[in-house]
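Notes follow the structure.
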Amino acid sequence: MKVLFATYPMAFHTPGGGEIQLLAYRKHLPAHGVDVTLFDPWNPRFLDHDVVHFFSCVGGSVHFCNFVKQLGLPLVVSSSLWVTEETRHLYPIGEIHHQFSLADRVVANSEIECETLARIFELPREKFVSVLNGVEPDFYEPVAASLFRDEFRIQERFVLNVGNIEPRKNQLALIEAMKSFPELKLVLIGHQRDPAYAQACFAQGGDQLVYAGTLAHDSPLLRSAYAACEAFVLPSTLETPGLAALEAHAAGARLAVTQVGSTEEYFAQHVAYLDPANVASIAAAIGAALTQPHTGRPDTARDLTWQAVLTPLKDLYDSLSTQ
């Protein structure tokens, strides 16, 4: 089984969860008998593959997908999209509908996401397949909190947010909520995807805010940051469900996460939920997370390692390649 992976050209300029997911699929699918190739525009080799898998619905993606179907190849699209009736006006709905219509299957990260996309885009529910997001096994392994603290000279207690700094991740509201916890620092880790927004965050955060820059996804420093924090907070305006939150949970951190998106399907009652549009709700969820037991071990009822969650994707590829 040979699968060609592609995404939009700018995706890895400021990589986020979707790009980490793509690379994790590439790393772990060979154990399921899937040979993955990353698309090279100088040597595309479309016809050497059984299936093409395109990641994202960013504007313009439909043209690549249309070409794949003109070649007669099976097409899978990873949506990485949470859209509702209230927010559909923010998206090029017609173009995304065209892209989804071209796809043989659309992969989402939860059942609720599949159901929502099918309803919003008025497409058959069976077109959408849920493949859970996962984490690398390393995140379940303990790392000393002192590693991160010593590297960045942070000895104070702190709340952590990991993610691209941009309006959708809602760090400004988190900064405002943290004013209710003057005894704690707020540490941000991530690319400045929106530089103007990032500068506004740094100005608003003042001395309470520590920006630790970017860390490689496989860096022990990232795992150490999860171990060192008092709580991990993800106040995004939507998440499906947020790889950083899954990783923080695997590492045993206490969590406060957005209620918008598919987070409850993953975390159930094990985290505090917040309304990202309400600063008081964010502050209340932080307070609730800080009172949770800090056992240092995640709930292990579900195996969310990449190796465990990718079986449905392998089955999907097999079903398309035999049609």
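Quick notes
- Which listed residue, of Glu156, Glu176, is surrounded by fewer than 18 Cβ atoms within 10 Å (Cβ to Cβ), in the same structural domain as Ala248 (by TED's automatic domain parsing), more than 26 Å from Gln259 (Cβ to Cβ) and touching a residue at least 12 places away in the same chain (Cβ under 8 Å): Glu156
- In the range 38-95, the residues that are assigned to a helix (DSSP H, G or I) and under 19 Å from Glu122 (Cα atoms): Val62, Arg88, His89, Leu90, Ile93, Gly94, Glu95
- Filter result (in contact with a helix residue (DSSP H, G or I) (Cβ under 7 Å, 6 or more places away or on another chain), among the basic types (Lys, Arg) and in the same structural domain as Leu188 (by TED's automatic domain parsing)) within the range 124-153: Arg149
- Annotation note: of Thr116, Thr87, Thr37, the sole residue that is of a type in the set (S, T, N, Q) and under 17 Å from Tyr317 (Cα atoms) is Thr37.
- Taken over the range 303-323, the criterion of being free of Cβ contacts under 8 Å to residues at least 24 places away in the same chain and in a helix (DSSP H, G or I) is satisfied by Asp315, Ser319.
- Qualifying position, being modelled with pLDDT of 95 or more and small (Gly, Ala, Ser), among Gly296, Gly242, Gly287: Gly287
- Output for the range 206-241, where each listed residue is part of a loop (DSSP other than H, G, I, E, B) and under 18 Å from the mean Cα position of the chain (by Cα): Thr214, Leu215, Ala216, His217, Asp218, Ser219, Pro235, Ser236, Thr237, Leu238, Thr240, Pro241
- Hits in the range 265-289 (condition: within 20 Å of the chain's Cα centre (by Cα), crowded, with 17+ Cβ neighbours inside 10 Å and not hydroxyl-bearing (Ser, Thr, Tyr)): Phe267, Val271, Ala272, Leu274, Pro276, Ile282
- Exactly one residue out of Val257, Val233, Val210 is closer than 19 Å to Asn164 by Cα, in contact (Cβ under 8 Å) with a residue 60 or more places away in the chain and in contact with a Leu (Cβ under 8 Å, 6 or more places away or on another chain), and it is Val233.
- Members of the range 11-43 found to be over 15 Å from the mean Cα position of the chain (by Cα) and without any contact (Cβ under 8 Å) to a residue 12 or more places away in the chain, listed by number: His13, Pro30, Asp40, Pro41, Trp42, Asn43
A quick yes/no check of all residues on (1) small (Gly, Ala, Ser); (2) more than 17 Å from the chain's Cα centre (by Cα); (3) within 30 Å of Ala216 (Cβ to Cβ); (4) assigned to a helix (DSSP H, G or I):
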site	(1), (2), (3), (4)
Glu126	no, yes, no, yes
Asn133	no, no, yes, no
Asp138	no, yes, yes, yes
Ser146	yes, yes, yes, yes
Asp150	no, yes, yes, yes
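- Residue match in the range 71-86 (condition: more than 25 Å from Ala244 (Cα to Cα) and among the aromatic types (Phe, Trp, Tyr)): no
The values are calculated or read from the model by the stated rules, or taken from the named source; none is laboratory data. Computed from a prediction, not measured in an experiment: that's the story for all the values here. Glycine gets a Cβ as well: all are built from the backbone with ideal geometry, and neighbour counts include every protein chain shown.
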